[in-house]
Number of protein chains: 2
Amino acid sequence: MTTASQLTPRRQATRARLLTAAAEVFAERGFHGASVEDICEPAGFTRGAFYSNFASKDELVIELYAEHAASLRQAIAEVAAQPGLTLPDLLERVVDIWTRDPDERRRWYLLTTEFALHAVRDDDARRAWQRLQSQIRKELGALIESIAARHDLELAVPTSDLVRLLTIVLQGGLGQHLLEPRAVRAGALEREFLPLLVEATTR
Amino acid sequence: MTTASQLTPRRQATRARLLTAAAEVFAERGFHGASVEDICEPAGFTRGAFYSNFASKDELVIELYAEHAASLRQAIAEVAAQPGLTLPDLLERVVDIWTRDPDERRRWYLLTTEFALHAVRDDDARRAWQRLQSQIRKELGALIESIAARHDLELAVPTSDLVRLLTIVLQGGLGQHLLEPRAVRAGALEREFLPLLVEATTR
């Protein structure tokens, strides 16, 4: 995967505009409903411009995902670095970050779930997904280990399994909220269960 | 929702054959890729026969889901009723049931995830999903409460929230396995985390 830092500023700007345009079109039409043409046309790009920046629609989604995950991780890392914050307070703040933009979170849920379904069925998409997830797990794992150390906790399960569990519970809690918005308020299950999970997986 | 027991045997048989045919077509083409015609034609049904049994493709999926959930719950209830089984053994057996038919579980994951995405976007589908999930939560909740009582445990969280958490972790663990079959063996995350979750949510 090409990383943004290897590109010229002009090229970076084009990629960024394509990513923004794509996010909007996916929000409206879904991953499968949005063609490369649908993404290019409103933003005034040609197919050529698209394909000189991304090998495929899949690669673009993977990059959107990577950016989104990095921005969530960055927000959590900043909160975690605040002095004097207790672990329960930190977990509350993580859920605040997770729920602070409901529209974005909903779009995000739909796009990642659609892409995951696609990746279960498609070998290339699955390999790209695996590479990205492995990188995200490494970065999130390092963050979780530093938080644990700061709060004098030892992980009782492998770090990467804990990252998987936390991802499952955040994503699953969001799914329950989107399917039953009145019965499950945004972040309610996450707020209820994150502290229990942390207690169960640390010592 | 019409329940099977209110129907004549002939009608029940027709519904059952339509459900079987639909499950096969969904497995091949996905929920969105399979039209009512696609479901009827190979099984030799007319559209009229379909619509005299189901109001829509959505209603048929809901009934497939209800049947599948009931059969899983029944299998768990039977194991749970075995005398002398410890709680850790019971949890192992639950994961055995959950992983015993990988192809069926995969089809099931794809269909329910596709339908959930549809239900996030579509009001009618979401209402139908909510009615079904509420019934399933009641039944699973009663089973969990009886298992807890049998093992002298008290639930430390609302039963319906616990059902949501367990559903999230089973479905999420399956998703991780399907996306990374080599890194995550079938049932591995569920086997690792179910006992910890039970310990964290009971006293």
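Within region A:127-139, residues that are closer than 18 Å to A:Gln74 by Cβ sit with their Cβ atoms under 7 Å from residues that are part of a helix (DSSP H, G or I), at 6+ positions apart or across chains, in these pairs: A:Leu132/A:Ile62; A:Leu132/A:Tyr65; A:Leu132/A:Ala66; A:Ile136/A:Ala69; A:Arg137/A:Ser160; A:Arg137/A:Val163; A:Glu139/A:Arg73. The residues in region B:180-196 that are closer than 23 Å to A:Thr202 by Cα and in contact (Cβ under 8 Å) with a residue 24 or more places away in the chain can be counted, and the count is 6. Considering the conditions (1) touching a residue at least 24 places away in the same chain (Cβ under 8 Å); (2) loosely packed, with under 15 Cβ neighbours inside 10 Å; (3) over 16 Å from the mean Cα position of the chain (by Cα), A:Asp123 is excluded by exactly one of them, (1).
Hey, does region A:135-153 have a residue that's open to solvent by 60 Å² or more (accessible area, probe 1.4 Å), touching a Lys or Arg at 6+ places or on another chain (Cβ under 8 Å) and either in the same structural domain as A:Gly187 (by TED's automatic domain parsing) or modelled with pLDDT of 95 or more (or both)? Checked against the condition, which is being open to solvent by 60 Å² or more (accessible area, probe 1.4 Å), touching a Lys or Arg at 6+ places or on another chain (Cβ under 8 Å) and either in the same structural domain as A:Gly187 (by TED's automatic domain parsing) or modelled with pLDDT of 95 or more (or both), region A:135-153 yields at least one hit. Per the listing A:Leu194, A:Leu110, A:Leu178, the residue uniquely closer than 27 Å to A:Gln82 by Cβ and in the same structural domain as A:Val95 (by TED's automatic domain parsing) is A:Leu194. Out of B:Thr167, B:Thr201, one residue alone is buried (at least 17 other Cβ atoms within 10 Å of the Cβ), within 12 Å of chain A (Cβ to nearest Cβ) and closer than 18 Å to B:Ala66 by Cβ. It is B:Thr167.
Restricting attention to region B:179-198, the residues being facing chain A (nearest Cβ under 10 Å), surrounded by fewer than 18 Cβ atoms within 10 Å (Cβ to Cβ) and outside any helix (DSSP H, G or I) number 4. B:Thr8: within 22 Å of the chain's Cα centre (by Cα) and either outside the structural domain of B:Val169 (by TED's automatic domain parsing) or more than 30 Å from B:Ala200 (Cα to Cα) (or both), yes or no? Taking the combined requirement at face value, the residue does not satisfy it.
Looking at region A:24-35 only, could you name the residues that are of a type in the set (A, V, I, L, M), open to solvent by less than 40 Å² (accessible area, probe 1.4 Å) and in a helix (DSSP H, G or I)?
If the condition is that a residue be of a type in the set (A, V, I, L, M), open to solvent by less than 40 Å² (accessible area, probe 1.4 Å) and in a helix (DSSP H, G or I), then A:Val25 is the only one that fits.
When we screen B:Leu19, B:Leu72 for residues that are within 18 Å of B:Arg106 (Cα to Cα) and assigned by TED's automatic domain parsing to the domain that holds B:Ala116, the only hit is B:Leu72. Restricting to region A:143-164, what's the tally of residues that are within 9 Å of another protein chain (Cβ to nearest Cβ) and among the β-branched types (Val, Ile, Thr)? So the answer is 1. Assessment of region A:40-50 against the conditions (outside any loop (DSSP other than H, G, I, E, B), in contact with a helix residue (DSSP H, G or I) (Cβ under 7 Å, 6 or more places away or on another chain) and open to solvent by less than 20 Å² (accessible area, probe 1.4 Å)) yields at least one matching residue.
The values are calculated or read from the model by the stated rules, or taken from the named source; none is laboratory data. No experiment lies behind these values; they were computed from the predicted model shown. Because the Cβ atoms are built from the backbone with ideal geometry, glycine has one as well, and the counts that use them run over all protein chains shown. Only protein heavy atoms, including side chains, enter the accessible area calculation; ligands, DNA and RNA are left aside. Shrake-Rupley method; radii C 1.70, N 1.55, O 1.52, S 1.80 Å.
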